[in-house]
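The values are calculated or read from the model by the stated rules, or taken from the named source; none is laboratory data. Here the structure is a predicted model, which is why all the values come from computation and not from measurement. Note that each Cβ is placed from the backbone with ideal geometry, even for glycine, and that neighbours are counted across all protein chains shown.
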Amino acid sequence: MSTNSNLTTMRRTVEQLKLEASVERIKVSQAATELQQYCLQNATKDALLVGVPTGSNPFREPRSCSIF
Amino acid sequence: MGEMEQLRKEAESLKDEITAARKAVQDATLQDTVSGTVVVSRVQLKTRKTLRGHLAKIYAMHWSTDSKLCVSASQDGKLIVWDSYTTNKVNAIPLKSSWVMTCSYAPSGNMVACGGLDNMCSIYNLKAKDGNVKVMRELAAHTGYLSCCRFLSDAEIITSSGDCTCVLWDIETGTQKTVFAGHTGDCMSLAVPLDFKTFISGACDFTAKLWDIREGQCRQTFSGHESDINAIAFFPNGNAVITGSDDATCKLYDLRADQELITYQDSSIMCGVTSIAPSLSGRLILAGYDDFNCNIWDSLKAERVGVLAGHDNRVSCIGVTADGMACCTGSWDSFLKIWN
């Protein structure tokens, strides 16, 4: 009967909401600071942000000959 | 009827509780926190390689963990594995069904997977002894299209589907280990973090959900978008999630604060976001749009700092290499472009 399945669905929804309500939350100030810190700490390794020297760019052909 | 009304009231009260709990930790905003940081200077990436070979719209691409090989899926009925350094095609795999919507490269590099309107996820072994790439498994059980798939290992893969569920599969036996139900709209996209303990999904019910893989439960639900979420990715530190939606915006949700921290939008952008990927440090967010472009956002300052213009049709997929050296865009114009 659709009434029974609606009831079951609603019960599940309430259980799920209880679970989600119980999540432990940290302060936004802490979350934001840590996001910012992560970005700044890893900036120098981020090729799309700081660029890649031509010689070490695997997607570019070297312009000059390398002598090994 | 009594219990139904009671449950409805309880549900409303729990939703209010969640809203209040989220507000209670809002002691700052991301904007305030980064007010002392300068916006990144204009990012101008150039096309370094164009991967030509597909004969129809490209719907998906995924980088191998080696940051060199990548796989792309097109409705010309082919999966192509490319060496992005040389533009050579390593494998051109003909598919049984040409209506492919997603593809994935296993972290080991041993397999690729794809699926689409056939409602199945097909796994291909790239390292068969005889050198021929064959279907290894066909994972069938979804009752809707396969929108996304991501390997956890050579033994397990997670799929998202138009049937509103995500599924964890045992590849060896071809069976469903866990069904993740809860979305009330087509699941469009999923992403797995580096620890493989959780995954996130974005759906046509306008929400993103964080799932515990072993418990099989949804832990958190994020709302705010005003239309379908088409793309989702983890911020590189695993503590936040970025989403792209048909509502023309991208959002960043923090997992530990359990809420949206910022929206990436511009009044001049009125078309849907199809794909999204963060740069290595997370400072840049690259998002593909229906208007043929890809916008680059400063993730902290929420300002547009660059554009990748070069495709002649919708950008359907985007991916940044694990080593952060380049990003790849795939388009309905049948080409893939590598940028850095």
Item to check | Unique residue being more than 25 Å from B:Phe151 (Cα to Cα), surrounded by fewer than 21 Cβ atoms within 10 Å (Cβ to Cβ) and within 12 Å of chain A (Cβ to nearest Cβ) when the list is B:Asp83, B:Asp16, B:Asp66 | outcome: B:Asp16
Checklist entry - How many residues are assigned to a helix (DSSP H, G or I), closer than 30 Å to B:Met325 by Cα and either facing chain A (nearest Cβ under 8 Å) or of a type in the set (Val, Ile, Thr) (or both) when one looks only at region B:19-55? => result 2
Checklist entry - If you check B:Asp312, B:Asp298, B:Asp323, which single one turns out to be out of contact with any strand residue (DSSP E or B) (no Cβ under 8 Å at 6 or more places or on another chain) and of a type outside the set (Val, Ile, Thr)? => result B:Asp323
Checklist entry - Can you name every residue in region B:221-241 that is more than 25 Å from A:Glu34 (Cβ to Cβ) and either in a strand (DSSP E or B) or of a type in the set (Lys, Arg) (or both)? => result B:Asn230
Checklist entry - Do you know which residues across region B:86-97 are in contact with a Leu (Cβ under 9 Å, 6 or more places away or on another chain) and assigned to a loop (DSSP other than H, G, I, E, B)? => result B:Thr87, B:Leu95, B:Ser97
Checklist outcome for this item: Pairs returned, first residue in region A:34-57 that is modelled with pLDDT under 95, second residue that is outside any helix (DSSP H, G or I), beta-carbon separation under 6 angstrom, 6 or more apart or interchain, are A:Val52/B:Asn340; A:Thr54/A:Arg60
Checklist entry - Does B:Val307 satisfy being without any contact (Cβ under 8 Å) to a residue 60 or more places away in the chain and either among the acidic types (Asp, Glu) or within 20 Å of B:Met188 (Cβ to Cβ) (or both)? => result no
Checklist entry - Which one of the conditions (1) touching a residue at least 60 places away in the same chain (Cβ under 8 Å); (2) more than 21 Å from B:Asp290 (Cα to Cα); (3) more than 12 Å from every other protein chain (Cβ to nearest Cβ); (4) not polar (S, T, N, Q) does B:Val71 fail to meet, given that it meets all the rest? => result (1)
Checklist entry - In region A:7-30, is there at least one residue being surrounded by fewer than 16 Cβ atoms within 10 Å (Cβ to Cβ), of a type in the set (Lys, Arg) and more than 7 Å from chain B (Cβ to nearest Cβ)? => result yes
Checklist entry - Is it true that B:Lys134 is more than 30 Å from B:Ser227 (Cα to Cα) and either in contact with a Phe, Trp or Tyr (Cβ under 9 Å, 6 or more places away or on another chain) or crowded, with 21+ Cβ neighbours inside 10 Å (or both)? => result yes
Next on the checklist: Restricting to region B:323-340, name every residue that is closer than 16 Å to B:Ala233 by Cβ and either within 12 Å of another protein chain (Cβ to nearest Cβ) or among the charged types (D, E, K, R) (or both).
Outcome noted: B:Gly324, B:Cys327, B:Cys328
Checklist outcome for this item: Note on region B:242-269: residues within 19 Å of A:Glu34 (Cβ to Cβ), outside any loop (DSSP other than H, G, I, E, B) and free of Cβ contacts under 8 Å to residues at least 60 places away in the same chain are B:Ile242, B:Lys251, B:Tyr253, B:Asp254, B:Glu260
Next on the checklist: Being of a type outside the set (S, T, N, Q), part of a helix (DSSP H, G or I) and within 13 Å of B:Thr33 (Cβ to Cβ) is the filter here; which residues of region A:7-45 pass it?
Outcome noted: A:Val28, A:Ala31, A:Ala32, A:Glu34, A:Leu35, A:Tyr38, A:Cys39, A:Leu40
Checklist entry - If you check every pair at least six apart or on different chains, which have Cβ atoms under 9 Å apart with a residue in region B:277-293 that is in contact (Cβ under 8 Å) with a residue 24 or more places away in the chain first and a residue that is surrounded by fewer than 21 Cβ atoms within 10 Å (Cβ to Cβ) and of a type in the set (Asp, Glu) second? => result B:Leu280/B:Asp323; B:Asp290/B:Asp246; B:Phe292/B:Asp312; B:Phe292/B:Asp333
Checklist entry - How many of the residues making up region B:262-275 are surrounded by 24 or more Cβ atoms within 10 Å (Cβ to Cβ) and touching a Leu at 6+ places or on another chain (Cβ under 7 Å)? => result 0
Next on the checklist: Of the residues B:Thr173, B:Thr159, B:Thr184, B:Thr165, only one is without any contact (Cβ under 8 Å) to a residue 24 or more places away in the chain and either of a type in the set (Phe, Trp, Tyr) or crowded, with 19+ Cβ neighbours inside 10 Å (or both); which?
Outcome noted: B:Thr165
